[in-house]
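In what follows, a single structure is set out as structure tokens and then discussed.
The values are calculated or read from the model by the stated rules, or taken from the named source; none is laboratory data. Just so it is clear, the structure is predicted and the values come from calculations on it, not from any experiment. Cβ atoms come from the backbone with ideal geometry, glycine included; neighbour counts cover every protein chain shown.
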Amino acid sequence: MIYSNFINKTSKYLKSVRILKNYVSFDMIFPNSWVVNKKTPEGVEIIETENQEGNVIKSFVSENKKELIDKIENIIDGIIKTNIEREEKEKLFKSKVNELKNIFEKEKLENLKGLKFDLEELTKFIQNEEAEISSRVTEGTELTK
């Protein structure tokens with residue numbers, strides 16, 4: 001990846017990039033609530049260095065080799081995308097629950113008894129999403145908070 005692209009994509013979370021002898025460290029600031037891969041590809045190590053104001057600093061360290069740096073960039077990109085999507089899903093879920101709650105508060109019981117959800121369509125949608133996610137999963141799938 002071109003470094004300017006990586007820096008632009010991660011600027012909200014990137015604290016520093018350090019070169020230590022023959023090693024490189026990408027120091028990232030993530031919210032404590034974010035899930036980060038516990039297992040990493042061989043040659044890459046994740047070190048939690050600090051915890052400050054609801055955020056955690058994770059250092060992604062490897063030898064200063066192009067293929068390892070590319071792996072780190074992919075790991076970080078995946079962490080950011082996965083957690084932003086998870087947060088958006090949580091917000092959407094809460095919003096939909098509130099919409100449903102409002103419907104239940106306003107409607108009469110008889111009207112609510114006729115309320116139906118198309119679970120077959122929802123199941124098909126979920127299965128398609130799971131198939132897409134499993135096709136994107138790479139090594140290091142165990143997650144921690």
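Quick notes on this structure:
- If the condition is being over 14 Å from the mean Cα position of the chain (by Cα), among the hydrophobic types (A, V, I, L, M, F, W, C) and within 19 Å of Lys9 (Cβ to Cβ), then the stretch 29-67 contributes Val44, Ile46, Ile57, Phe60.
- Restricting attention to the stretch 100-123 and to residues that are at pLDDT 80 or above and surrounded by 10 or more Cβ atoms within 10 Å (Cβ to Cβ), the residue that is farthest from Ile76 (Cα to Cα) turns out to be Asn111.
- Per-region count, the stretch 18-38, residues surrounded by 13 or more Cβ atoms within 10 Å (Cβ to Cβ) and touching a strand residue (DSSP E or B) at 6+ places or on another chain (Cβ under 9 Å): 12
- If you go through the stretch 14-54 and pick out every residue that is within 22 Å of Lys81 (Cβ to Cβ), at pLDDT 90 or above and out of contact with any Lys or Arg (no Cβ under 9 Å at 6 or more places or on another chain), you end up with 6.
- Taking every residue in the stretch 36-64 that is touching a residue at least 60 places away in the same chain (Cβ under 8 Å) and of a type outside the set (Lys, Arg) and pairing it with any residue that is part of a loop (DSSP other than H, G, I, E, B) and surrounded by 12 or more Cβ atoms within 10 Å (Cβ to Cβ), at least 6 positions away or on another chain, the pairs with Cβ-Cβ distances below 8 Å are Asn37/Gly140; Thr40/Gly140; Pro41/Gly140.
- Top-ranked residue in the stretch 8-23 [being farther than 15 Å from Asn74 by Cα and among the β-branched types (Val, Ile, Thr); ranked as nearest to the chain's Cα centre (by Cα)]: Val17
- Those residues of the stretch 71-121 which are among the hydroxyl-bearing types (Ser, Thr, Tyr) and under 16 Å from the mean Cα position of the chain (by Cα), in sequence order: Thr82
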